[in-house]
Amino acid sequence: MIGRERGELKMLIQSGAVSLAGVRCAESLINDRVIRSAFYVDTTDSTNSLAMAEVSGGRVSDEMLPRLFITDRQTAGRGRLGRTWSSAADSLTFSLAMSVSGATDAAPLSLLAGVMAAEAIDALVAPVTTQLKWPNDIYISGQKVGGILIEASGKYPHIAVVGIGINVLESPAVDAPGFVNPASLATFSSRPVDRFDVLDEILRRLHAERAATSIVERFRHKCYLQGQPVSLDQSGKPLEGVCEGIDSGGRLVINTGDAKHTIHSGEASLIRRH
Ligand code: BTN
């Protein structure tokens, strides 16, 4: 492992085989104080697992935050609700360890991360407009292009690990249940997309807007499930109804006809009627 410090820069690079463009991107993010440090590995099972191990092991101090964990090849990515996350070549897989204290009063971190990633893609990938499938799956034209997994260590609850995976050039093989209809940004882009441009744009937006008060409203604007018939598993009990979007706290609202249900966590699926 190489520990490298250039001037003010703090970047730990494991193996010299990492992408030079990625190193430059991380350096510029550190220079501009968007992040305070980075840990770059050429291959890892999961950047979330790596970040969680570093945080739980007490190796991430407050002055290192936000700390970027990034890899060129993720071999055993993890998704929400115990699912796997497969990445094709040149996809973007990273995790950001960040302090949650005071940052997310305005909106839940899960919505904030989704809105920032989706708006970054809108800005970079013309002429698409992303949608968000609650809580933070990123969709374009009904196909999933990205997902977010947020974790925290019981020992250091003030640090959240926000893991983001975006299919940039290729979509992965569908080899996991729940990984519905994946696509990549390249499928929809009229020009080439560089994964480090996507990384740069997401992190700069997250940095600039982490205290924004308009996140719930911006999520509503992109809510993929709004007005749609959906089904949801509530601790083994199926719930079916029409999605009325999200409430002011970012919870999903489902109208079953006789009652409105407010959902804190879980996975809602579209009911497709033919
Ligand atoms: C989901 O859609 O269920 C969430 C997928 C999150 C994938 C990212 S890729 C980078 C980070 N490392 C992981 O193991 N998972 C997240």
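The values are calculated or read from the model by the stated rules, or taken from the named source; none is laboratory data. The structure presented is a predicted model; accordingly, all values stated were derived computationally and were not measured. Cβ atoms come from the backbone with ideal geometry, glycine included; neighbour counts cover every protein chain shown. For the accessible areas, the whole protein counts, side chains as well, though only heavy atoms, and no ligand, DNA or RNA atoms are used. Shrake-Rupley method; radii C 1.70, N 1.55, O 1.52, S 1.80 Å.
Couple of notes before you dig in:
- Legend: distances between Cα atoms for Lys133/Lys237; Lys222/Lys260; Lys155/Lys222; Lys10/Lys155; Lys144/Lys260; pairs beyond 32 Å are Lys155/Lys222.
- Helix 47-56 axis, angle to the chain major axis (alpha carbon atoms, nearest 10°): 70
- Amide H contacts under 5 Å for Lys144: Ala183, restricted to partners 5 or more places along the chain or on a different chain, H placed in the peptide plane at 1.01 Å from N.
- Carbon/sulfur fraction of accessible area - the range 121-274, other protein chains in place, 1.4 Å, %: 49
- Between 0 and 90°, nearest 10: helix 195-209 axis offset from the chain longest Cα axis: 80
- Principal semi-axes of the equivalent ellipsoid, √(5λ) from the alpha carbon gyration tensor of the range 91-158, are 25, 12, 11 Å from largest down.
- Between helix 109-124 and the chain: long-axis angle, C-alpha atoms, 0 to 90°, nearest 10: 80
- Gln228 long-range amide H proximity, modeled H, under 5 Å: Cys243
- Built amide H within the under 5 Å cut-off of Glu267, gap 5+: Asp233
- Peptides ranked, highest mean first, by Cβ atoms within 10 Å: ranges 109-117, 16-24: 109-117, 16-24
- Cα convex hull of the chain - mean projected area over all directions, nm²: 14.8
- Rounded accessible area per residue of the chain, 1.4 Å, Å²: 44
- For the chain, the residue among Ala38, Val18, Gly266 whose Cα projects farthest onto the positive side of the dipole built from Cβ charges is Gly266.
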